[in-house]
Structures are given as structure tokens and as C-alpha cells.
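In what follows, a structure is listed as C-alpha cells, so that the remarks can point back to it.
The values are calculated or read from the model by the stated rules, or taken from the named source; none is laboratory data. Note that the structure is a prediction, hence the values are computed from the model and not measured. We place every Cβ from the backbone using ideal geometry, glycine too, and count neighbours over all the protein chains shown.
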Amino acid sequence: MDLRVGKHAVLGEMGGGRPVTIYVDGRPVPAREGEPIAAALYAVGIRTTRYSPRSAEPRGPFCMIGRCTECAMTVDGVSNVRTCITGVRDGMKVETPGRTGS
Amino acid sequence: MSLPMKDVELVVVGGGPAGLCASLEAARAGAQTLLLDENDRAGGQLFKQVHRFFGSRHHGAGKRGYVIAGELADECLKAGVEVRLSSSVLGFFPGGELMVDAPEGVYLVRPRTAVIATGASERCMAFPGWTLPGVMGAGAAQTLVNVHGVLPGKRVLMVGAGNVGLIVSYQLLQAGADVVGIVDIADCVSGYEVHSDRVKREGVPIFLNHRILAVEGEGGVESLLVENVSKGKAVRFSADSLCLALGFTPLAELASMRGCRMVFREELGGYLPWHDAEMRTDRPGVYVAGDAAGIEEASVAMEEGRMAGISAAEELGLLSGGQATARKAAVRRRLQGLRSGPYGMDKLAAKDSIHGS
């Protein structure tokens with residue numbers, strides 16, 4: 001799935017960051033340098049950023065301003081990183097907390 | 001534990017319209033000003049406002065929000081404000097120090113004066129399926145699409161026919177999404193007619209007297225159950241995204257933590273720090289401005305920010321009594337103008353009731 005806007009009616013061409021690759025649970029995902037990790041994931045249709053600890057229900061970005069923590073993932077080994085306000089760097093390793101089989 | 005300590009004359013927490021204007025006024029008066037913001041650029045929520053602003057030329061009418069944000073941020077730098085980004089304020093302690101988590105490490109700030117301009121968060125509502133990925137705040141969707149160029153989904157249902165719900169629906173259309181409808185439990189549209197006309201012209205149906213019953217889907221939103229509350233009949237929509245535009249509540253935990261007296265005002269979004277007309281809280285040297293001082297709109301936030309910045313500069317002894325009085329009177333006149341319309345009257349009454357309490 002591709003949810004990138006591309007050319008916007010008012011803003012023109014969007015997503016100007018350098019194309020890079022990040023690894024989500026080991027899988028390569030194309031991203032733009034500097035954009036929030038959560039946005040890069042959403043762009044390719046990855047909406048689940050964690051699974052709830054007790055009932056293992058999928059959760060996704062909700063507030064996009066760093067408040068709700070639904071998007072908190074493990075990034076380069078650091079847990080509870082708010083991916084909606086953390087920018088992409090080339091080669092980042094992102095893991096989905098609570099994902100079974102990982 | 002010993003952390004680095006930074007002494008400043010003024011610290012401003014939050015680089016949105018209120019914080020930028022507070023910093024600007026204070027720095028121009030000569031205050032050594034530190035502006036902290038959690039994001040990697042200043043501007044706050046102005047960055048996602050791609051529509052042209054209403055109001056007077058003084059508040060950037062006719063300009064789009066992100067243009068205003070860029071201009072204010074540039075002016076702050078020119079005025080000598082030290083802007084530190086990607087810096088989260090973790091605490092504002094009763095002793096008057098703030099703890100900051102930043103790329104350069106964790107450190108403390110000991111300010112002589114402080115302006116809390118931390119903005120607002122979106123209100124939420126619980127219903128079956130509300131935690132499924134694909135359900136998000138309308139403001140979150142607006143950030144995703146207008147700032148990052150990513151759609152929240154291909155088919156979106158909006159809940160809330162206020163200005164935010166209407167504007168974000170239109171902006172989702174502009175970006176290429178399909179908006180299947182706008183649902184509101186009220187029997188009339190609460191947003192401006194100019195915004196509702198715009199979405200109606202694009203063929204988006206507005207379902208008044210309707211409410212969201214449930215969101216269904218396996219790993220995320222796939223369909224939605226919407227009920228006509230007057231007829232008790234439910235309809236199922238196919239959609240991959242649900243946006244909630246239910247209003248905002250002040251983000252003022254730092255003020256509460258600092259020991260500021262809090263008051264509750266429904267019209268202003270809930271709990272907020274008590275403050276006077278010059279944005280002074282009941283803690284010495286602590287000011288508040290913008291949505292953190294009660295939900296209004298960006299132009300009001302800018303003026304409250306200016307007021308707080310002037311008040312802080314006066315307290316620091318950088319403005320003479322006469323200078324401060326004249327500047328505050330000008331801000332007060334503009335605030336009165338902004339709150340004079342039918343939508344501003346309730347806000348004005350609520351604000352007055354706080355100042356007098």
C-alpha cells in the first residue's frame with residue numbers, strides 16, 4: 001500500500017527527504033530521512049506500532065504529537081521511543097513491542 | 001545526582017504561536033530567552049495549517065499557518081532567542097527548576113521567569129474498537145497529511161462537524177483521500193458555514209443526529225457502524241480510517257506540577273492554570289499563554305504570548321512601567337477584537353470569570 005500524497009494541491013511536491021531504508025522487525029521499509037518513523041510506517045500501510053502487553057491487541061499512532069505513546073516502539077535497541085516525533089535515519093532498526101514470533 | 005544547570009532570565013516552554021510570540025516580545029525587550037520545544041522545528045501546530053487565516057492583517061490573515069510559523073521562528077532567531085529543539089521538558093519543580101531531556105543530555109534550567117505555552121491535546125471518546133490502528137485524532141491526521149505528506153487512509157470517516165472536523169475533511173480531500181462522511185451527534189453544524197459549504201460542494205455528506213457505535217476490523221479499521229440517534233437505525237460504512245474531531249483540552253501538567261492553582265472551565269476545554277489578564281499565574285514569575293491557558297485559536301494564542309512576554313520582561317526590570325503599560329494596552333485591545341464575535345463571547349466570559357476568581 002502507498003499512502004504518500006506526492007503532489008499536493010496547495011503544498012506542491014511533498015516528502016522531500018533523502019530516500020533511505022529502515023528495518024522494521026527485520027524487513028526493509030523505504031523511508032525519507034528526517035520524517036517521523038511513524039509516518040514512514042504509515043506510508044507503506046504499517047499501522048500497528050505495538051501490541052498491548054496484556055491482551056496483545058494492535059495499537060497505532062493516535063495523537064502524532066508525542067503525548068499518547070501508542071506509537072512507542074523499540075528503535076536501535078532503545079525501548080519506548082515515541083516514533084511520531086522521532087526522525088528517520090538511514091539503517092534504523094525498528095521493532096514492534098509485543099509482536100509474537102519476533 | 002548532579003546535572004548541568006543553566007541559568008536564564010526567561011524560559012519559554014513550547015514553540016507554537018504563543019511561545020514564539022512570548023519569546024519575541026521578551027527578547028526584543030532585552031531578556032535573555034531560552035525557548036524549548038519537543039519537535040525538531042518551532043511552529044507548533046501552525047505547521048499543519050495549510051488554509052489561509054481569517055481575521056486582521058496583524059494576525060497574518062490571508063497567510064497560511066505554516067508561513068506564519070516560519071516567519072515568527074525567523075524573527076525569534078533574529079531577536080536573539082536561544083531556540084533549543086528536540087528538547088522535552090520532563091518537569092517543572094516547586095523549587096522553580098525545569099528538567100530537560102535533549103539530544104545533548106538531561107539538564108536543569110533555573111529561570112528567573114517562565115512562560116508555559118505547551119498547547120493542547122485532542123479529546124478522545126471510547127467505543128468498541130476505538131483502540132484499533134486507523135482510529136486517530138483529526139489533528140493527528142492533519143499532521144500526517146499536511147506536514148509529512150502521508151494519508152491516514154484512502155477512505156476516511158470524520159466524527160465532529162466543528163471547524164477542525166470540517167477543515168481537516170477538506171484538507172484530506174485536497175490530498176487525495178476519499179472522505180465518506182462527517183458524523184455529528186448534534187442537530188446542527190457547529191463550525192463556520194464557509195467550511196461546511198466547502199466540503200458539501202465536494203459532495204461529502206454530513207450526518208447530523210448520528211453517532212459512531214463501533215469500529216470493526218482485524219488488525220485495523222475496516223468498517224464502521226454509525227447510528228442515526230433519532231431513528232435508532234445503524235448503517236455500516238466501509239472505511240480504513242476514522243478521525244475524531246472532538247475538541248481539545250489544555251496541556252498544562254507542567255503548571256500543575258509547579259504548584260500553580262488550577263481551575264476548571266468547560267468553555268475553555270477543562271482544567272487550566274488560574275491566570276490574570278496579563279497571563280500571570282499564582283506562582284511568582286510563572287506565566288501561561290495560548291491553548292495551555294484555555295482553548296481558543298491561534299491568533300488569540302499569539303496575543304496571549306505577547307502579553308506573557310511583555311509581563312515577564314517587565315518583571316525582569318527590562319521595561320519601564322510606562323512602556324509595559326502601553327504595550328499591554330495594545331495587546332489587550334487586539335484580544336478584545338478577537339473575542340468580540342459570536343464565537344468569542346463565551347471564551348471572553350469564561351476568561352473574565354477566571355481573572356476575577
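Taking segment B:207-219 as the range and being on the phi < 0 side of the Ramachandran plot and either over 30 Å from the mean Cα position of the chain (by Cα) or buried (at least 19 other Cβ atoms within 10 Å of the Cβ) (or both) as the test, the residues that pass are B:207, B:210, B:212, B:215, B:216, B:218, B:219. Does residue B:158 fit the bill of being assigned to a strand (DSSP E or B) and surrounded by 24 or more Cβ atoms within 10 Å (Cβ to Cβ)? Criteria met by residue B:158.
What are the residues in segment B:114-141 that are facing chain A (nearest Cβ under 9 Å) and part of a loop (DSSP other than H, G, I, E, B), if any? Answer for segment B:114-141, where residues must be facing chain A (nearest Cβ under 9 Å) and part of a loop (DSSP other than H, G, I, E, B): B:119, B:124, B:131, B:132, B:133, B:134. Taken residue by residue, segment A:15-38 has at least one member that is more than 28 Å from residue B:176 (Cβ to Cβ) and in contact with a Lys or Arg (Cβ under 7 Å, 6 or more places away or on another chain). Listed here are the strands (runs of 3 or more DSSP E) enclosed by segment A:1-95 that have at least 1 residues being surrounded by 20 or more Cβ atoms within 10 Å (Cβ to Cβ) and within 10 Å of another protein chain (Cβ to nearest Cβ): A:27-32, A:78-82. Just one of the numbered conditions (1) facing chain A (nearest Cβ under 8 Å); (2) of a type outside the set (Phe, Trp, Tyr); (3) in contact (Cβ under 8 Å) with a residue 12 or more places away in the chain; (4) touching a helix residue (DSSP H, G or I) at 6+ places or on another chain (Cβ under 9 Å) is not true of residue B:144: (3). For segment B:92-113, the count of residues that are in the same structural domain as residue B:284 (by TED's automatic domain parsing), assigned to a loop (DSSP other than H, G, I, E, B) and within 20 Å of the chain's Cα centre (by Cα) is zero. Figure legend. Inter-residue proximity from segment A:75-95: first residues at positive phi, second residues surrounded by fewer than 19 Cβ atoms within 10 Å (Cβ to Cβ) and not small (Gly, Ala, Ser), beta-carbon distance below 6 Å, spacing 6+ or different chains. Indicated pairs: A:76/A:93. Counting only residues that are touching a residue at least 60 places away in the same chain (Cβ under 8 Å) and part of a helix (DSSP H, G or I), segment B:329-357 holds 11 of them.
For segment B:77-91, how many residues are part of a loop (DSSP other than H, G, I, E, B), within 14 Å of chain A (Cβ to nearest Cβ) and free of Cβ contacts under 8 Å to residues at least 60 places away in the same chain? Qualifying residue count for the region: 2. Residue-level analysis places residue B:242 among those that are more than 18 Å from residue B:111 (Cβ to Cβ) and surrounded by 24 or more Cβ atoms within 10 Å (Cβ to Cβ). Screening residue B:314 with (1) over 28 Å from residue B:65 (Cβ atoms); (2) touching a Pro at 6+ places or on another chain (Cβ under 7 Å); (3) at pLDDT 95 or above gives one miss only, at (2). Restricting attention to segment B:121-141, the residues being among the aliphatic types (A, V, I, L, M), surrounded by fewer than 22 Cβ atoms within 10 Å (Cβ to Cβ) and in contact (Cβ under 8 Å) with a residue 40 or more places away in the chain number 1.
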